[in-house]
């Protein structure tokens, strides 16, 4: 079941990657949407700041003209001067009211007279002008003459070096509503003007009263870093709504313009798009899931079939090993029967050696985990030791063999070849029981195998006739191996055969 589990793991990993990419896409889209909302708010704040810069500058000029119109003694003004003051504020919005107050804060002239006497001596903006400020913009307040929310732009009037009163422009708070409508910021948005001291000057939608923002992050964090920018407010200090806020200082005035876009309104279109994408992606994901399930079922079926085949193969291997074991036992039985026969000792030994070479192949296959290859160096060592033990054992065998693996059929031929050559050497190389050494070398050279058998016996002067049984067998074995042989007898036997390593099996075995 490893393959299905691996495939299932791969499928899960694929889905996780798809989900991760989708999540990254959603998150990036979310961030991009918020960034665009902040950019929109920042641009709107810059527009509001530009408009209020014009209003403040126009108000300064209008108040200067009013101061000139009033003349030397403001308290001596009469209604005749009202026409001149109307001309002075002609460039300002129509709903701006001009009022003049004496040094005590009592209204002495207005372009929109009230039936009741209006006094402002307790107002903060009046006190600031009385105490020496030359120009003041008030916080949001309720006009005592009209009972409407407004803010005041005031100028200190000085005569003979002394405070003589103030000239004030009463600006309705709903003036900023026109800007809000023109900016088309959407539902839940807001436009505001805040003074440098943190107090709200005007806002749309309006509030019941001014609020102090001096401890808000706008003043504690963002304004100290830059005179304009944007940020996200999780909860507005005015109404608790989450908004994207753009801010911009008003040039030449102690004011900050704010434009705030509702976060929900900004994300509404994004959520709609994501919902559409999600609805479109569901069939695709379901299709992929169904396809993955179908593939998984196929893999499970294939894995079960593979396991059945592996079990059958293991059973066949076990049976084949048992066959090799039985063949080996039968060959040993044949060897025992040969030894009981009334044959010459040399014939018995030769037959037993040849049968032993065949039995050794079956023995090695039986004891090995691999049926398709024989470790030729181990096999040759066992064969040679067996042949030597069948003689008097006085001669020494030396081995210099590299690891080589060969298929069982060809290995058996090599074993028979080694049996014949070593037997021949033990018979003839050391007459009279002399001791000697037989050296067997085995190595692989490219695609060929080289087997060399040498002894330090008496050798032979000329090549022996190849009509003997042993030589005929050697020639036959070399032909079966499709090899080439070399045989010399000077100074001892020197036999070498080269044959191709047909169907080589990679070996990691170390001798």
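Since every read-out is calculated from the coordinates, none of them should be taken as a lab result. The model shown is predicted, which means the values in this text are computed figures rather than measured ones. Neighbour counts run over all protein chains shown; Cβ positions are idealised from the backbone, glycine included.
Points worth noting:
- Compared with the alpha-carbon gap, the fully stretched path from residue 486 to residue 452 is longer by 11.3 nm at 0.36 nm per residue.
- From the alpha carbon centroid of segment 144-187 to that of segment 40-58 is 16 Å.
- Of the residues 428, 248, 301, the one with the fewest other Cβ atoms within 10 Å heads the list, and the complete ranking is 301, 428, 248.
- Share of alpha-carbon pairs per 10 Å distance bin for segment 375-500, given as whole %: 13, 48, 34, 5, 0
- Put in line by how crowded their Cβ is, counting other Cβ atoms within 10 Å and starting with the fewest, 455, 269 read 269, 455.
- For the peptides 94-101, 233-240, 151-158, the ranking by packing is 151-158, 94-101, 233-240, with the highest mean count of neighbouring Cβ atoms within 10 Å listed first.
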